[in-house]
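*Asks:* My questions all concern the structure below.
What follows is calculated from the coordinates using simple rules that are stated; it is not laboratory data. Here the structure is a predicted model, which is why all the values come from computation and not from measurement. All Cβ positions, even for glycine, are placed from backbone atoms using ideal geometry, and neighbour counts span all protein chains on display.
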Amino acid sequence: GVNTASASAASNVIRKKLQGYVGFANLPNQVHRKSVKKGFQFTTMVVGESGLGKSTLVNTLFSTQLYPNKVVAEPSHETPKTVDIQSITADIEENGVRLRLTVVDTPGFGDFVNNEESWKPILDNIESRFDAYLEQENRVNRTKLVDNRIHACIYFIAPTGHALKPLDVEFMRRLHTRVNLIPVIAKSDTMTEEEVHAFKERILDDINFHNIQIFQAPQYEYDDAETIAENREIMSKIPFAIVGSDKEVEIEGGRMVRGRKYPWGVIEVDNEDHCDFVKLRQMLIRTHMEELKEYTNNFLYENYRSEKLSAMGIQQDPTVFKEVNPVQKMEEERLAHETKLSKMEAEMKMVFQAKVQEKEAKLKQSEEELYARHKEMKEALERQRQELEEKKKRLESGRPLTPEKSKKKGFSFNK
Ligand code: GDP
């Protein structure tokens, strides 16, 4: 709620010991091993009127007391006039996998007499995180990008059983193009199973009616049947009916479970028959964390970026718009880059060809040399053969001496 000022520790990193299995040890299976060394980083935002159980849910989600015990301040007449943005970061570790988790709370949302602009500071916050990322991307040295963008926004709907409130619709309409919206029904233990079911349908109808885009897990052709079924099962539970509790209660048989105790029994947080908490956690941490991050980067952020770039072009003098049109500029840069590339390619081709020619010439030369040697040897052999042939003939005709010798002798005599 509004009184959680003590919980704000914007840059303080709290090291927490986990009290139970959370599921992010499965992260290496979601992405490449390389990321394991670096550790994982995930930022989620919780939005909803105070008292809906946001901080309780976050603590339940990560099996850790992420929120320090709340200090409930004396009721004051000076009610804050704006929505506050607070963020808490914790490094948690499970089976040697590190996860840096940041939870951004938005106390004050919907708590005012006039909540018309409650969404504004939240949108501003999300966009300023995009800006910070964009600024890093534009730097020369872009090796170490810090990603503080919001990867998911859990939106708490009050368990009224009626329909979405105008405030809910307004918030989601304003934010759905900027963040992955995950609507949840808060404190669903205050409703019966039938009520929850009907309420879910009503909420989805409203969401469709207002063309609100909530997070949808993509289906991949290469997914195996089991994964597809699992995804479908998770998606079918949206909006998740949530029960949060960071306390353990005793159930029949003396076992201790996380839950809420009522005169008629216990609602168990981790029991899928009792609520959708397990499904929400599974989606956020075990199966869709990378998907949420990817969609944020490839779609939400990318859209924001191009909108921002074209807006920058328009904001300048409209008469020179053409010249500074960022899309055109990018196209020109791309062309220049391509020209440069093809020039380099041509140069490389030339060098390559020259090398090939050189080598070919060398080969040809040695081939010629070989051929000449071959010819020489062949001729020598031919000469030998002829000599032998003649010797043979002479021997056969019975001439005693080699005519050459006597000739030579005679010749020398004659001389
Ligand atoms: P926040 O202001 O949205 O952060 O709400 P809190 O987490 O502080 O919760 C407000 C009150 O609601 C506390 O008394 C919680 O114990 C209670 N609460 C939290 N989650 C649930 C829930 O799922 N069901 C019920 N019945 N009460 C809850």
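*Asks:* Which order do the peptides 146-152, 387-393, 44-50, 92-98 come out in when sorted by mean C-beta neighbours inside 10 angstrom, highest first?
*Replies:* 44-50, 146-152, 92-98, 387-393
*Asks:* Also, I was wondering about something else. Between Arg334 and Leu145, with labels modelled 7 Å along Cα→Cβ, what's the label distance in nm to one decimal, could you check?
*Replies:* 1.8
*Asks:* Then there's this: Take the alpha-carbon centre of segment 118-191, take the same for segment 328-376, and report the distance between them in whole Å.
*Replies:* After rounding, the separation between the Cα centres reads 55 Å.
*Asks:* Within segment 145-177, which residues have the backbone N less than 11 Å from the label spot 7 Å out from Asn303 along Cα→beta-carbon, could you tell me?
*Replies:* Counting backbone N atoms under 11 Å from the label point, the list is 174-177.
*Asks:* Between their Cα atoms, which of Lys349/Lys375; Lys144/Lys308; Lys120/Lys293; Lys54/Lys261 are more than 29 Å away from each other?
*Replies:* Listed pairs above 29 Å: Lys349/Lys375.
*Asks:* So what J values fall out for segment 203-209 if you push phi through Karplus, 6.51 cos²θ - 1.76 cosθ + 1.60 with θ = phi - 60°, rounded to Hz, Gly and Pro as x?
*Replies:* 4, 4, 4, 4, 4, 5, 4
*Asks:* If packing is taken as the average count of other Cβ atoms within 10 Å, what order do 272-284, 188-200, 252-264, 341-353 fall into, highest mean first?
*Replies:* The packing order, highest mean first, is 272-284, 188-200, 252-264, 341-353.
*Asks:* Can you figure out the FRET efficiency of Lys391 with Tyr371, using R₀ = 41 Å and their beta-carbon distance, to the nearest 0.05?
*Replies:* 0.85
*Asks:* Another one. Once amide H atoms are built 1.01 Å from N in the peptide plane, which residues 5 or more positions from Gly244, or in another chain, come under 5 Å H to H?
*Replies:* Lys187
*Asks:* May I ask you to order 169-177, 231-239 by the average number of other C-beta atoms within 10 Å around their residues, highest value first?
*Replies:* 169-177, 231-239
*Asks:* With θ set to phi - 60°, apply the Karplus curve 6.51 cos²θ - 1.76 cosθ + 1.60 along segment 220-233 and write out the HN-Hα couplings as whole Hz, x wherever there is a Gly or Pro.
*Replies:* With the stated coefficients, segment 220-233 comes to 10, 4, 7, 5, 7, 4, 5, 5, 4, 5, 5, 4, 4, 4 Hz.
*Asks:* Summing +1 for each Lys or Arg and -1 for each Asp or Glu, what net charge is found among the other residues whose Cβ lies under 12 Å from the Cβ of Arg129?
*Replies:* With Lys, Arg at +1 and Asp, Glu at -1, the net is -3.
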